[in-house]
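S.K.: Let me begin by handing over the structure; questions about it come next.
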Amino acid sequence: MPFKVLGPVTKFHQTPAPWGRGQGEGCLKPGKSPPSRPSPLKGKGEKGSKIKFCCRFFILSAAALLGASGALALDATGTATPMATPAAFMPTSTPAASLDGLSPMDHAPIWVQLETGYNYSLQGDLIHAAQALNGGNYVNPGGLGAYTGATTASNNGLELGFELGLLLDPHSGLALGARFIQNNEFLSSLTYPNGPSNPDSESVTLLPTVVPITLDYYYFIPDGGGRFFLTGGVGYYVANVRVGQNTTTDNLLGNNNTIGGPDIWEGNVSSAAFGFQAGLGREFALGKAFGIALFVRGRYARLSNFQGQLLDSNAVAGRFGLAENSQGVVDVDQVSNINGGERYATVDFTGFDAGLALIFFDF
């Protein structure tokens with residue numbers, strides 16, 4: 001398409017238009033009036049002005065996009081990494097490997113522990129009674145004479161436990177616990193060949209258990225694989241002795257417990273007292289929220305004044321206590337008989353537990 005030459009080109013000094021830079025006054029000779037500015041929306045200049053407007057729009061848009069690209073940062077290798085997330089939106093869970101080199105369990109605010117183990121306890125008067133009866137020299141105050149048979153008692157037993165813990169910091173915590181400790185039963189079965197019933201006999205079974213409700217302080221020594229711990233605290237020990245007694249005439253203490261029928265009594269006598277416990281062990285992290293522990297725990301808990309209601313085979317009730325006489329023999333007797341030559345027996349749960357625990361951590 002041929003171009004039409006309109007005339008000589010005159011340079012103008014342009015001033016900004018409302019939408020950018022447009023044509024304006026140029027450098028004119030004195031006495032000359034500036035030519036009128038053509039409207040960008042009219043005539044042949046309209047198309048060029050629209051093109052300039054679009055170019056400027058795209059240039060500004062590109063600049064805005066480049067500015068927004070600050071959301072991505074380039075690392076030393078040229079790889080794009082996401083912009084840092086504001087702290088308010090950062091996840092709060094503990095990472096798999098803590099920045100301080102400790103295991104995640106060392107930062108878990110709450111733990112739940114389930115445990116089981118071997119129990120050893122002194123058992124006090126029950127052990128002494130078995131020794132006295134097995135010596136063959138015991139003289140029944142009821143005048144039953146010589147006897148045959150055997151009596152067994154044991155220091156061994158089973159321990160089960162539950163604990164809920166609160167971490168104060170990686171080196172300390174508090175825990176509320178409940179445990180069930182059961183010792184092997186005391187069993188005596190004796191026959192008096194020359195007794196009034198010719199022969200007389202008695203069997204008595206005593207099964208001691210104790211449930212300590214404990215509050216303990218923990219001192220932790222944490223590391224990357226778990227933590228060692230020392231612990232100690234106070235407990236309220238609730239003890240029970242399950243009783244089964246069957247006598248022909250007199251019991252081991254020389255008293256006749258007949259009330260309304262045969263001397264066959266069953267039931268429970270119980271007692272409670274404060275005690276103390278202390279322990280040590282090692283916890284092993286098996287994952288972020290799970291671990292196991294090996295522990296040894298000692299305790300001091302001596303309980304006496306065991307009393308309760310027993311029923312005979314005819315459902316007749318009697319008030320009984322766990323008693324010991326001056327020769328060191330233990331049996332259940334009516335509370336009214338526990339005076340003078342008898343006293344309340346002591347069941348000594350002082351001893352230790354050793355076992356394994358499963359631990360669950362809550363973040």
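S.K.: Report whether or not Ala289 is touching a Phe, Trp or Tyr at 6+ places or on another chain (Cβ under 6 Å) and within 16 Å of Asn183 (Cβ to Cβ).
M.R.: No: the conditions fail for Ala289.
S.K.: Based on this model, can you work out whether Ser271 counts as polar (S, T, N, Q), in a strand (DSSP E or B), under 23 Å from Gly328 (Cβ atoms) and within 32 Å of the chain's Cα centre (by Cα)?
M.R.: Here the answer is yes, as Ser271 does meet what is asked.
S.K.: Could you check, for the stretch 171-185, whether at least one of its residues is closer than 21 Å to Val332 by Cα, hydrophobic (A, V, I, L, M, F, W, C), surrounded by 21 or more Cβ atoms within 10 Å (Cβ to Cβ) and out of contact with any Cys (no Cβ under 7 Å at 6 or more places or on another chain)?
M.R.: Of all residues in the stretch 171-185, those closer than 21 Å to Val332 by Cα come to 182-185.
Among the residues that remain, those that are also hydrophobic (A, V, I, L, M, F, W, C) are: none.
There is no residue in the stretch 171-185 that is closer than 21 Å to Val332 by Cα, hydrophobic (A, V, I, L, M, F, W, C), surrounded by 21 or more Cβ atoms within 10 Å (Cβ to Cβ) and out of contact with any Cys (no Cβ under 7 Å at 6 or more places or on another chain).
S.K.: Kindly evaluate Leu206 against the criterion of being touching a helix residue (DSSP H, G or I) at 6+ places or on another chain (Cβ under 8 Å) and in contact (Cβ under 8 Å) with a residue 60 or more places away in the chain.
M.R.: So Leu206 passes the test.
S.K.: Quick one: which of Tyr219, Tyr237 is under 34 Å from the mean Cα position of the chain (by Cα), surrounded by fewer than 18 Cβ atoms within 10 Å (Cβ to Cβ) and either in contact (Cβ under 8 Å) with a residue 24 or more places away in the chain or over 25 Å from Phe349 (Cα atoms) (or both)?
M.R.: Details: Tyr237 fails: surrounded by fewer than 18 Cβ atoms within 10 Å (Cβ to Cβ).
Of the residues listed, the single one that is under 34 Å from the mean Cα position of the chain (by Cα), surrounded by fewer than 18 Cβ atoms within 10 Å (Cβ to Cβ) and either in contact (Cβ under 8 Å) with a residue 24 or more places away in the chain or over 25 Å from Phe349 (Cα atoms) (or both) is Tyr219.
S.K.: Residue pairs, Cβ under 9 Å, 6 or more apart or interchain, first in the stretch 258-276 and more than 19 Å from Val241 (Cα to Cα), second at pLDDT 95 or above and in a loop (DSSP other than H, G, I, E, B). List them.
M.R.: Phe276/Ala301
S.K.: Being under 18 Å from Ile264 (Cα atoms) and acidic (Asp, Glu) is the filter here; which residues of the stretch 186-235 pass it?
M.R.: Within the stretch 186-235, Asp200, Glu202 meet the criteria.
S.K.: Can you tell which of Gln327, Gln334 is in contact with a helix residue (DSSP H, G or I) (Cβ under 8 Å, 6 or more places away or on another chain) and modelled with pLDDT under 95? Quick ask: steps written out before the conclusion?
M.R.: Details: Gln334 fails: in contact with a helix residue (DSSP H, G or I) (Cβ under 8 Å, 6 or more places away or on another chain).
Only one candidate qualifies: Gln327.
S.K.: So, in the stretch 274-316, how many residues would count as being small (Gly, Ala, Ser), farther than 17 Å from Gly232 by Cα and in a strand (DSSP E or B)?
M.R.: So the answer is 3.
S.K.: Continuing with this model, one more query. Check off (1) at negative phi; (2) surrounded by 14 or more Cβ atoms within 10 Å (Cβ to Cβ); (3) in a strand (DSSP E or B) for Gly149 and give me the number that stays unchecked.
M.R.: (1)
S.K.: Here's a follow-up. For the stretch 133-146, how many residues are crowded, with 19+ Cβ neighbours inside 10 Å and part of a helix (DSSP H, G or I)?
M.R.: Of the residues in the stretch 133-146, 1 are crowded, with 19+ Cβ neighbours inside 10 Å and part of a helix (DSSP H, G or I).
S.K.: Step by step: first the residues of the stretch 191-210, then only those that are modelled with pLDDT of 95 or more and surrounded by fewer than 19 Cβ atoms within 10 Å (Cβ to Cβ), then the one that is nearest to the chain's Cα centre (by Cα). Which residue is that?
M.R.: My answer is Leu207.
S.K.: Checking the structure you have, find out if any residue of the stretch 123-131 is closer than 30 Å to Tyr217 by Cβ, surrounded by fewer than 20 Cβ atoms within 10 Å (Cβ to Cβ) and of a type outside the set (Asp, Glu).
M.R.: No, every residue in the stretch 123-131 fails to be closer than 30 Å to Tyr217 by Cβ, surrounded by fewer than 20 Cβ atoms within 10 Å (Cβ to Cβ) and of a type outside the set (Asp, Glu).
S.K.: While we're on this one: Please determine, by comparing only the residues of the stretch 240-260 that are outside any loop (DSSP other than H, G, I, E, B) and over 41 Å from the mean Cα position of the chain (by Cα), which one is surrounded by the fewest Cβ atoms within 10 Å (Cβ to Cβ).
M.R.: Residues of the stretch 240-260 that are outside any loop (DSSP other than H, G, I, E, B), as a first pass: 240-247, 250, 256.
Imposing the further condition that a residue be over 41 Å from the mean Cα position of the chain (by Cα) reduces the set to 246-247, 250, 256.
Details: Asn246: 17, Thr247: 23, Asp250: 24, Asn256: 14.
Once the filter is applied, the top-ranked residue is Asn256.
S.K.: Hey, could you check the stretch 274-289 for residues that are touching a Ser or Thr at 6+ places or on another chain (Cβ under 8 Å) and surrounded by fewer than 17 Cβ atoms within 10 Å (Cβ to Cβ) and say which is farthest from Arg299 (Cα to Cα)?
M.R.: The qualifying residue farthest from Arg299 (Cα to Cα) is Leu280.
S.K.: Report, by residue number, each residue of the stretch 319-349 that is surrounded by fewer than 20 Cβ atoms within 10 Å (Cβ to Cβ) and of a type in the set (Gly, Ala, Ser).
M.R.: Ser326, Gly328, Ser336, Gly340, Gly341, listed by residue number.
The values are calculated or read from the model by the stated rules, or taken from the named source; none is laboratory data. Remember, predicted model here, so these are calculated numbers, not experimental data. FYI the Cβ positions are ideal-geometry reconstructions off the backbone, even for glycines, and counts take in every protein chain you see.
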